[in-house]
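Asks: Got a structure for you, written out below as structure tokens; questions coming shortly.
The values are calculated or read from the model by the stated rules, or taken from the named source; none is laboratory data. Please read these numbers as outputs of a predicted model, since none were measured by experiment. Heads up, the Cβs are rebuilt from the backbone with ideal geometry, glycines too, and the neighbour counts pull from every protein chain shown.
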Ligand SMILES: Nc1ncnc2c1ncn2[C@@H]1O[C@H](COP(=O)(O)OP(=O)(O)OP(=O)(O)O)[C@@H](O)[C@H]1O
Ligand SMILES: Nc1ncnc2c1ncn2[C@@H]1O[C@H](COP(=O)(O)OP(=O)(O)OP(=O)(O)O)[C@@H](O)[C@H]1O
Ligand SMILES: [Mg+2]
Ligand SMILES: [Mg+2]
């Protein structure tokens, strides 16, 4: 039914096979392949997630898997990890057909995966999470916590990750949680390592660390499948790039012989307007939001800045610099110990996000699962959540039809891939979930929008759309704070860039002053006084970042 | 000691203390016992405590209360056992601590109690059966609503009724008893279901205050007031009203106030070392519309 | 309310979905219908107007009212253990207002319902503002309400003698000609109001949102604390109403009853398909759940199942009903 | 076990943390200590060896055993409502084995404990394999166990007359010289075993993992269904043991007792700081929670608080104890 395609040396890009059955006479010996996927289909109620999918992973290579949000990447990986079972199709490992019966079986077969959505036990420690199911024991039953932590420490040392084995996962930031996932996946003696958007939560320095890890992991006997929406890193890390669209196999390209432009156009199936820049050179002079001397007990120290009407203010900094904390303190999600917030010239007290929202300040969290979505509710409900008061008629009754109209509009505008607005958000792909959160804030129509990592997990095409949208919002006179760990994005989109380091605002750069070097400089400008509170991990991180 | 009425030793310059452990405290019956005990204590110059578990199935909790009461080293103990065998070791403990025990409400299966002030529940239930049989002309179908399937007094109130019927009224058919936990609403629902399932029902017997009042309520709701003979047990305003308006033909009353008085009286006798009869039968009496205002009956009723 | 029985707060999606949704709705009744058919076949008095209305429906009212009120609380992911004894406290307060203080009937009833609201407000404040786990806050309230009911009533029932109209609240029949007790009418009317509140108003929407993800709801700019509190107050008002209905039915306020009703009410809610994890549930389901319990209690006695076996059967039927419901959802 | 009372399954992180962790541990006892001091001052018999051991500790045993067993279940995010009536069923079965069938003492006890395990196994199968919500599965089991206890015992208590040693299981004193009832010893020994099981073994680790995030645990290759089932079986064995202890103490198996114990046990667990949402909790906390309830019941009676007020006080103290615990955690 299916024969292998492609050149044994991988010099030539594969020919795309629109019929999906992959019939092609040329091909390497199956022994060269670590993993082959052929004719795999998977259907969810109302959604054909995978249709005759096809993938080959060679020994010793990093294969990037790209596609738009909802293309089916994660679904394919979950099939490989034994989380789902396919409706049809075959998996071959080392040329032998295998049926992956469950996560445990996948592990035994040497397939290790970092899932896109976190799969950690928040109440357990870092070490306990990593070695779950493989705890060092005395006999069969008794645990050895000491050996567990030692093993984890050794692992972190080897991987050069700044993690404390004894810390509870619930206390970690998203980025550190991602590191735990990475460490966990690498701790298995896996031959096939699958990474589903491992860098979505990481900044550039951390991405470099991860790439270093991948290079060290790669041996002639192992292979990596790497999923990412960051086109720039594909070039750096991958050998070949497989493109899929709408659940179907499109093409496989050799990285060194292709341009990203080509990959993107295969991905989205249309030409993209690229490099959108702000429509205006700078925002107006009208100060909408002024933050003065904002401090928190834990981290923030005397953060002051002004945000103008029509402006996009980028926030850059290393992990844990405190950007998220600034945002949360402003909207009252966390308490601040000192400081003042002025809205259009009058001092306001924002004890919680509902007061902030009532005052026209919206906050989109970096952690969409926890702070962004009602996962078990429908798309329409999630989109309308912040603005329900707008849809009250006759004094009490909800105007459901108006909500539905708005929700459909948003699904169209943001190209949210969903069978209907009644789909449960949980069933959307990661990127589409992110779009739902953005839609929620667009409907709310705030004057000040604080977007924390708004493009996390969003495909290139959609990213451009979101950039355009941000520009349009700014042009309409909204004031926008954009926190992002992707420097190119910050540089491209911002009228001004605020740089943070260890809870302090170290610089406010105008667009023409801001570049990679200047931001990096200020992002590592540690105050000589006091020193850091939580010194070790951050220090290591910065070393990693500057290396 | 810190709290005014907490007492710990029986030193002679203090009022003698009597700790009373009942089977409950929330229902009017137990409140009447308490009232009697308090009256007598006031009269005789004693101080009492009165405790009981929340439900009449909570044997374990009653035992814990009994233990705690003994820890206070009262001069005497009044005890109404939910399960007298289960309490036996603690009776021994009371004995070795030199605390005289007065059993009340139902017997305690132990040689320790110096006397027992109680209603003979089987006899009382038989009395209810007899009146029921008379009222329905010794034939027909009768339903029974109990309050507790397992406790001695709960069983005796049913068994006494069933046994009498079996022996003396062969033409009366008694349906399988149902139990409503003494809850008025539940008992009312049960009574209504009985009436629905057996439209020719001649009578219903409710075996304690809650059951009887529930039955009366159910009969009223079913629109069968006066058409079915209801016989109750214990007293309480709703029952008395039901008797007055004809929903209930009559009921058996014990003498809870008298029981309470006798417990305290006997306890003080025992403290003084006086001898007491082995049992004090506090009696059970039939009351209906005709004798409701009889002062003798009035004295037994509580509302 | 079509699909809401299944999913929560939204109207059915597509027109082609309507038919399917209708069928679903019917399936929600499936276990109830099976049980009713069973008893109709095994007992010749079960399926009579008199039995269904005067026995089954009347015995549904109190637990049903509590279940309807506590559905809101459960959808937020909370739980209310104080509904049973809280109901007794409200009944006692109704007695105090009407009998002891001699207030007019309507004022006494209003007062009792408001006492329920107060109980809910205290629970809600403990949960929403002081961040007590709902189980603990309402467990404490359960004990406190029980104690206060006994203290205030001096551990004796309070009989309603001064206001004869009070009893009619439950047992009278306001619609001439049709013999449906007021209690039943009141139950269905309030259940419908509750269903509208839950499905068609912003309170309901926030109820689902909070139960689904309270953190995300808060970050979305909703005052989660305030709305959580409101939900407990709504639940409390139903406690008060249940207290009025039970005391009106019995013509007396029984201070010692009440405990145990909370488990029955919560069971009714959960049998009706509402998840204790929050975020999912429906009023129709709760009403069906209450009816299932009432029908079982009635039917088992009618066909003379010995009482000790009744619990065993009840347990098995609950499993069956919930299993049917689980299958129905899986098939969607 | 140092920090585990607070946090769950971890050892304290840093050396400088040890001291703080020790202090924390002490603070976990804070409310208990406050209550004990209060009663010591207000009653001169409270703080006596006899009262503390023979009254307080003995009355802790049954609820304590149930609470310890159900702590496992609650940490997985489940709940077990069948522990109260399940205990009665085990007590009755113990009576059947020893009295009716005349089995030797040890075999009868073992049998009763295994009946508990069986109850847990059925609950666990319903929850883990058939995906019933734990509340529903164990509510059904609560009704079924209650019914079966009554059916099997013919609604009469079974008295232990043939095996005099049976009563000694609870009331005897195995350690010569020291007057501590066996029941108390058994409780503490099993609580320690349970603490080891929870903190030092793989079962405990998976218990926390499942409660923390069952999906993630499954994806990590753990057989979540099997381990969930195991946890319910463990809880069930404690039900059986509690059944043996209560019947040994009472020298009789009481078929109708039991209901209500589940709420008390769950309350003890939650007062002890275990979260009903799962993932968090400790055995030390559960033991403290059980002691708090027992001390309150004892002390309030000793200082002659009228019984109707006792519930009010109990409710308030529960709020106080939990609030203290919440403060303690926040300060970390
Ligand atoms: N459990 C599910 N139930 C229903 N539909 C699902 C489920 N999981 C995924 N889908 C659908 O399958 C399609 C593929 O999703 P998948 O998560 O594989 O996309 P993806 O390529 O990983 O996208 P992204 O880049 O946004 O992560 C999407 O349309 C999604 O809505
Ligand atoms: N839930 C939490 N528990 C404990 N510490 C936290 C938590 N969230 C953040 N922190 C700490 O607060 C500091 C600031 O984190 P914050 O999220 O504000 O940084 P950031 O600049 O947004 O970086 P990023 O989002 O990339 O991690 C970090 O030191 C982090 O470890
Ligand atoms: Mg994905
Ligand atoms: Mg951040």
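Asks: Name the pairs: first residue in segment A:450-474 and in the same structural domain as residue A:496 (by TED's automatic domain parsing) and under 21 Å from residue A:73 (Cα atoms), second residue within 16 Å of ligand 4 (Cβ to nearest atom) and in a strand (DSSP E or B), Cβ to Cβ under 9 Å, at least 6 apart or on different chains?
Replies: Qualifying pairs under 9 Å: A:454/A:364; A:454/A:482; A:454/A:483.
Asks: If we keep just the residues of segment D:278-298 that are at the interface with another protein chain (Cβ under 9 Å from one of its Cβ atoms) and at negative phi, which is surrounded by the most Cβ atoms within 10 Å (Cβ to Cβ)?
Replies: Among them, the one singled out is D:298.
Asks: Within segment B:226-238, work out how many residues are touching a helix residue (DSSP H, G or I) at 6+ places or on another chain (Cβ under 6 Å) and within 13 Å of chain C (Cβ to nearest Cβ).
Replies: 3
Asks: Here is a further query. Can you name the residue in segment A:311-338 that is farther than 30 Å from residue A:476 by Cα and touching a strand residue (DSSP E or B) at 6+ places or on another chain (Cβ under 6 Å) and, of all such residues, is nearest to ligand 4 (Cβ to nearest atom)?
Replies: Checking each candidate, the answer is A:321.
Asks: While we're on this one: Being away from every other protein chain (no Cβ under 14 Å), farther than 27 Å from residue C:223 by Cβ and within 15 Å of ligand 2 (Cβ to nearest atom) is true for just one of A:310, A:314, A:322. Which residue is that?
Replies: None of the others qualify; the one that does is A:314.
Asks: Right, another one. Of these, A:355, A:383, A:348, which one is touching a helix residue (DSSP H, G or I) at 6+ places or on another chain (Cβ under 9 Å) and within 16 Å of ligand 1 (Cβ to nearest atom)?
Replies: A:383
Here's the yes/no breakdown for (1) touching a helix residue (DSSP H, G or I) at 6+ places or on another chain (Cβ under 6 Å); (2) more than 16 Å from ligand 2 (Cβ to nearest atom); (3) within 14 Å of chain D (Cβ to nearest Cβ):
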residue: A:38; (1), (2), (3): no, yes, no
residue: A:60; (1), (2), (3): no, yes, no
residue: A:63; (1), (2), (3): no, yes, no
residue: A:70; (1), (2), (3): yes, yes, no
residue: A:74; (1), (2), (3): no, yes, yes
residue: A:93; (1), (2), (3): no, yes, no
residue: A:104; (1), (2), (3): no, yes, yes
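Asks: Is there a residue in segment A:333-343 that is under 27 Å from residue A:457 (Cβ atoms), away from ligand 3 (no atom under 16 Å from the Cβ) and more than 10 Å from every other protein chain (Cβ to nearest Cβ)?
Replies: Checked segment A:333-343: at least one residue is under 27 Å from residue A:457 (Cβ atoms), away from ligand 3 (no atom under 16 Å from the Cβ) and more than 10 Å from every other protein chain (Cβ to nearest Cβ).
Asks: Considering only helices (runs of 4 or more DSSP H) fully contained in segment B:195-301, which possess at least 2 residues that are surrounded by 24 or more Cβ atoms within 10 Å (Cβ to Cβ)?
Replies: Those helices (runs of 4 or more DSSP H) span B:209-221, B:237-244, B:256-271.
Asks: Can you work out which of the residues in segment A:427-452 that are touching a strand residue (DSSP E or B) at 6+ places or on another chain (Cβ under 8 Å) and within 16 Å of ligand 3 (Cβ to nearest atom) is nearest to the other protein chains (Cβ to nearest Cβ)?
Replies: A:437
Asks: What are the residues in segment B:38-55 that are within 14 Å of chain C (Cβ to nearest Cβ), touching a residue at least 40 places away in the same chain (Cβ under 8 Å) and in contact with a helix residue (DSSP H, G or I) (Cβ under 7 Å, 6 or more places away or on another chain), if any?
Replies: Once the filter is applied, which keeps residues that are within 14 Å of chain C (Cβ to nearest Cβ), touching a residue at least 40 places away in the same chain (Cβ under 8 Å) and in contact with a helix residue (DSSP H, G or I) (Cβ under 7 Å, 6 or more places away or on another chain), segment B:38-55 yields nothing.
Asks: Among C:209, C:170, C:163, which is the only one that is over 13 Å from residue C:72 (Cα atoms) and buried (at least 23 other Cβ atoms within 10 Å of the Cβ)?
Replies: C:170
Asks: Please work out if residue D:186 is touching a residue at least 12 places away in the same chain (Cβ under 8 Å), part of a helix (DSSP H, G or I) and surrounded by fewer than 24 Cβ atoms within 10 Å (Cβ to Cβ).
Replies: yes
Asks: Could you count how many residues in segment D:268-309 are part of a helix (DSSP H, G or I) and within 15 Å of residue D:32 (Cα to Cα)?
Replies: The qualifying residues number 21.
Asks: Can I ask one more? Checking the condition surrounded by fewer than 22 Cβ atoms within 10 Å (Cβ to Cβ) and within 14 Å of chain C (Cβ to nearest Cβ), which residue from D:151, D:203 passes?
Replies: Only one candidate passes the filter, namely D:151.
Results for (1) over 22 Å from residue C:212 (Cα atoms); (2) within 16 Å of ligand 2 (Cβ to nearest atom), shown as yes or no for each residue.
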position	(1), (2)
A:363	no, yes
A:380	no, no
A:392	no, no
A:398	no, no
A:404	no, no
A:414	yes, no
A:420	no, no
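Asks: Sticking with this one: Look at segment A:164-201 and say how many of its residues are away from ligand 1 (no atom under 16 Å from the Cβ), within 14 Å of the chain's Cα centre (by Cα) and in a loop (DSSP other than H, G, I, E, B).
Replies: 1
Asks: Name the residue that is surrounded by the fewest Cβ atoms within 10 Å (Cβ to Cβ), counting only residues in segment A:474-493 that are within 16 Å of ligand 4 (Cβ to nearest atom) and assigned to a loop (DSSP other than H, G, I, E, B).
Replies: Across segment A:474-493, the extreme among qualifying residues is A:486.
Asks: Pick out the one residue from D:127, D:53 that is more than 27 Å from residue D:229 (Cβ to Cβ) and out of contact with any strand residue (DSSP E or B) (no Cβ under 9 Å at 6 or more places or on another chain).
Replies: Exactly one of D:127, D:53 is more than 27 Å from residue D:229 (Cβ to Cβ) and out of contact with any strand residue (DSSP E or B) (no Cβ under 9 Å at 6 or more places or on another chain), namely D:53.
Asks: Okay, moving on. Please work out which one of (1) over 22 Å from the mean Cα position of the chain (by Cα); (2) within 16 Å of ligand 1 (Cβ to nearest atom); (3) assigned to a loop (DSSP other than H, G, I, E, B) is the condition residue A:446 fails and give its number.
Replies: (2)
Asks: Determine if segment A:232-239 includes at least one residue that is more than 14 Å from chain D (Cβ to nearest Cβ) and within 16 Å of ligand 2 (Cβ to nearest atom).
Replies: No: zero hits.
Asks: Does residue A:502 meet the test of being over 22 Å from residue A:199 (Cβ atoms) and more than 16 Å from ligand 4 (Cβ to nearest atom)?
Replies: no
Asks: Just checking, does segment A:282-292 include any residue being surrounded by 14 or more Cβ atoms within 10 Å (Cβ to Cβ), at pLDDT 90 or above, within 16 Å of ligand 4 (Cβ to nearest atom) and in the same structural domain as residue A:470 (by TED's automatic domain parsing)?
Replies: The answer is no, given that none of the residues of segment A:282-292 is surrounded by 14 or more Cβ atoms within 10 Å (Cβ to Cβ), at pLDDT 90 or above, within 16 Å of ligand 4 (Cβ to nearest atom) and in the same structural domain as residue A:470 (by TED's automatic domain parsing).
Asks: Another question, then. Determine which member of the set D:327, D:314 is under 18 Å from residue D:32 (Cβ atoms), at pLDDT below 90 and facing chain C (nearest Cβ under 8 Å).
Replies: Among D:327, D:314, only D:314 is under 18 Å from residue D:32 (Cβ atoms), at pLDDT below 90 and facing chain C (nearest Cβ under 8 Å).
Asks: What residue, among those in segment B:165-185 that are assigned to a helix (DSSP H, G or I) and at pLDDT below 90, is surrounded by the fewest Cβ atoms within 10 Å (Cβ to Cβ)?
Replies: B:185
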